[in-house]
Amino acid sequence: MFYHLTASGLEETAAGLLMRALSAGWRVMVRGTDNAALDRLDARLWEVPADGFLPHGRERGMSDGDQPVLLGTGAVPDGAKAL
C-alpha cells in the first residue's frame, strides 16, 4: 500500500497505521534515518489515541525485543511483521 501525505502529516498517518497494525496483533519496526523525525513520532505516539497512548519504545532501550512498536535506525527485531 502507498500513502500520500497530502491530507495529514507523517506523524498522524503513521499513528493511524500503527494502531491498525497493533489491532491485528503485529509487532512493527519504524525505521528512519532522521532522529528528529523519530523524536516527533515518539512524542505523537504518547498522545494517540486521545484517551491513552500507543505502546512503543525507542531503539537501544532495555526491552527492545518486547516493544510492540520499535522506533529506530537499526535492524528489524525478531518477530516484527511490518517495517
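The values are calculated or read from the model by the stated rules, or taken from the named source; none is laboratory data. What you see is a predicted model, and the numbers here were worked out from it, not measured in a lab. Every residue, glycine as well, gets a Cβ built from its backbone with ideal geometry; the counts of neighbours run over all protein chains shown. Protein only, heavy atoms only, side chains kept; ligands, DNA and RNA dropped before computing areas. Shrake-Rupley method; radii C 1.70, N 1.55, O 1.52, S 1.80 Å.
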Q. Can you spot a residue in region 69-78 that is polar (S, T, N, Q) and at pLDDT below 90?
A. no
Q) How many residues does region 19-74 hold that are hydroxyl-bearing (Ser, Thr, Tyr) and free of Cβ contacts under 8 Å to residues at least 12 places away in the same chain? A) 2
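Which of the residues that make up region 40-68 are in contact with a Leu (Cβ under 9 Å, 6 or more places away or on another chain), in a helix (DSSP H, G or I) and at pLDDT 90 or above?
Pass one, region 40-68, residues in contact with a Leu (Cβ under 9 Å, 6 or more places away or on another chain): 40-42, 44-48, 53-59, 61, 64, 68.
Now drop any that are not in a helix (DSSP H, G or I), which leaves 40-42, 44-45, 64.
Once the filter is applied, which keeps residues that are in contact with a Leu (Cβ under 9 Å, 6 or more places away or on another chain), in a helix (DSSP H, G or I) and at pLDDT 90 or above, region 40-68 yields ARG40, LEU41, ASP42, ARG44, LEU45.
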Q | Output for region 28-47, where each listed residue is open to solvent by 50 Å² or more (accessible area, probe 1.4 Å) and under 13 Å from GLY72 (Cβ atoms) | A | ARG31, THR33, ASP34, ASN35, ASP39
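Just name the residue that is modelled with the lowest pLDDT out of those in region 8-27 that are open to solvent by less than 80 Å² (accessible area, probe 1.4 Å) and charged (D, E, K, R).
Step one: list which residues in region 8-27 are open to solvent by less than 80 Å² (accessible area, probe 1.4 Å), which gives 8-9, 11, 13-19, 21-22, 24-25, 27.
After this cut, where a residue has to be charged (D, E, K, R) as well, the list is 11, 27.
Numbers: GLU11: 88, ARG27: 95.
Step by step, filter region 8-27, then rank; the result is GLU11.
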Q: State the number of residues belonging to region 48-83 that are over 10 Å from MET29 (Cα atoms), open to solvent by 50 Å² or more (accessible area, probe 1.4 Å) and among the hydrophobic types (A, V, I, L, M, F, W, C).
A: 3
